[in-house]
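Peer 1: Please see the structure below; I have some questions.
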Amino acid sequence: MKKVVVGLSGGVDSSVAAYLLQQQGYEVIGLFMKNWHDDSVTISQECPWLEDSNDAIMVADKLGIPFQTVDLSKEYKERIVDYMFREYEMGRTPNPDVLCNREIKFDVFMKIALSLGADYVATGHYCRKGEIEIEGKPVFQLLAGKDANKDQSYFLCQLTQEQLSKTLFPIGELQKHEVRAIAGEQGLITANKKDSQGLCFIGKVRLPEFLQQQLQPKEGVIVEIDSEKELFAVSTPQFSSKHEELEYLSKKYSYTPEDGKIVGRHPGAHYFTKGQRKGLAVGGTPEPLFVIETDVNSNIIYTGQGKDHPGLYRKALFILPEEIHWVRPDLEVMPYAELKVMARIRYRQPLQEATLNPTENGMYIVFEEPQASITEGQFVAWYRDEELIGSGVIS
């Protein structure tokens, strides 16, 4: 019997993952990750991890599997929370869920599980693992979950071959309603529990309040840029090289206060992100205002009216060499070759047609259609059919 440690989170997905593995004949151990109990950064009056931990215990008890809690709050604070604050301070928008999978679940947690003699680690993610053979060696594939509404492959876009080789995704072939039905049939307490919202493992968190506890408020102005502004009406120049064209397409607009008019004030540019609509507290415009750029150095937020404002859109993005990650290193594209892929720049975004253009200085991704709110610090993931083959941090 192979031994599997399941990350029991106290939710329905990981509960059913544990049950299915048990049915498949694995020796299953439940492990709950306690990742947050720092009272200096309060998140809400509720205590979600305590409730989740109790639910995880009851699921383990019902299934008759050994259970224990591991405290990873120190690692979580260092690798996720501190990183988030640093990124926001620099005016970037991090993705804690992707980071949490890379740094905590499939690194710190996985090492603990393997030290307990586990052959595999399993999670309740909606994605699948494939295995093929290339030159006599196994190569692992990260495949989208069968439930298109729930597919979570994007959140796992930073996994390595080594991590995939020791991972199982038992619910990847199922639809969410099937998972709930199995939990109900087995009398698991989590059967009708709502899906968790908020930060990976911290629970219910309102990001602005969370950030304000570390990043000091700093009042600044909100500037509105008219969509008819001449800086948006530039005709595409002639390029002397492919590289020049790629640089041009991925370059973001730069604004000065003189380009627009002051329409309000904000508590700190580092609390806002591109594409954001809520929290600006500016009324009286025919169409809602969207953040089109933040300047943390000058502490200015630039906005535009309506979701079709040209300042929101860009045709390409750039990734620094050290931020490019191939889940399938055997498919890596050499500089100045091109690869047509499907890509997304945020979770749940429908896949977009794009072309990878690697150079010595990093990789450009050019989309067929201009993309809204390409945001520095977020992850772009690229796919071939239903397989996620690589990802990178948007620069």
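Rule-based calculations on the coordinates, nothing more; no lab input. Given the structure is predicted, the values throughout are model-derived calculations rather than measurements. All Cβ positions, even for glycine, are placed from backbone atoms using ideal geometry, and neighbour counts span all protein chains on display.
Peer 1: Amide H neighbours of Thr303 under 5 Å, counting only residues 5+ apart in sequence or on other chains, H built in-plane at 1.01 Å?
Peer 2: Excluding prolines and chain starts, which carry no amide H, the hits are Val223, Glu224, Ile225, Ile292.
Peer 1: Here's something else I'd like to know. Any idea what the dipole of the chain comes to, in debye rounded to 20, about its Cα centre with Lys/Arg Cβ at +1 and Asp/Glu Cβ at -1?
Peer 2: 700 debye
Peer 1: Extension gain Leu114-Arg384, at 0.36 nm per residue separation less the Cα-Cα distance, in nm?
Peer 2: Using 0.36 nm per residue and subtracting the Cα-Cα distance, I get 94.1 nm.
Peer 1: Quickly work out the Ser254-to-Glu287 label distance, labels modelled 7 Å from Cα along the C-beta direction, and quote it in nm with one decimal.
Peer 2: 2.7 nm
Peer 1: Additional query: Calculate the FRET efficiency for Arg265 and Ala233 from the Cβ-Cβ distance with a Förster distance of 30 Å, rounded to the nearest 0.05.
Peer 2: Using R0 = 30 Å, I get an efficiency of 0.55.
Peer 1: Continuing with the same structure: Using only alpha-carbon positions, what ratio does the radius of gyration of the range 315-391 give when scaled by 2.2 N^0.38 Å?
Peer 2: 0.99
Peer 1: Label-point separation (nm) for Asp226 and Ser165, each offset 7 Å from Cα along Cα-to-Cβ?
Peer 2: Distance between label points: 6.2 nm.
Peer 1: Cross-link list Lys2/Lys62; Lys218/Lys261; Lys218/Lys307: which exceed 25 angstrom alpha carbon to alpha carbon?
Peer 2: In this structure, Lys218/Lys307 lie more than 25 Å apart at Cα.
Peer 1: Kindly write out, for the range 280-288 in residue order, the coupling ³J(HN,Hα) from the Karplus curve 6.51 cos²θ - 1.76 cosθ + 1.60 (θ = phi - 60°), rounded to whole Hz, with x marking Gly and Pro.
Peer 2: Coupling constants for the range 280-288: 7, 6, 10, x, x, 9, x, 10, x Hz.
Peer 1: Quick one: Karplus J couplings for the range 303-318, per residue in order, coefficients 6.51, -1.76, 1.60, θ = phi - 60°, nearest Hz, x for Gly and Pro?
Peer 2: 10, x, 7, x, 6, 9, 4, x, x, 7, 10, 8, 8, 8, 9, 10
Peer 1: Please find the FRET efficiency linking Asn54 to Arg277, where r is the Cβ-Cβ separation and R0 is fixed at 51 Å, and quote it to the nearest 0.05.
Peer 2: 0.85
Peer 1: Continuing with the same structure: Once you wrap a convex hull around the alpha carbon atoms of the range 265-395, what is its projected area averaged over all directions, in nm²?
Peer 2: Orientation-averaged projected area of the Cα hull: 9.0 nm².
Peer 1: Of all the C-alpha pairs in the chain, what % are more than 32 Å from each other?
Peer 2: 41 percent
Peer 1: For the chain, what is the calculated [θ] at 222 nm in deg cm²/dmol (nearest 500), taking -39500 (n - 2.57) for each run of four or more DSSP H residues and dividing by its residue count?
Peer 2: Calculated at 222 nm, the ellipticity per residue is -5500 deg cm²/dmol.
Peer 1: Moving on. Show the residues, 5+ positions off or on another chain, whose built amide H is closer than 5 Å to the amide H of Leu168.
Peer 2: Here the answer is Val121, Ala122, Thr123, since their amide H atoms fall under 5 Å of that of Leu168.
Peer 1: With the radius of gyration and the Kirkwood radius both derived from the Cα set of the range 3-212, what is their ratio Rg to Rh?
Peer 2: 0.96
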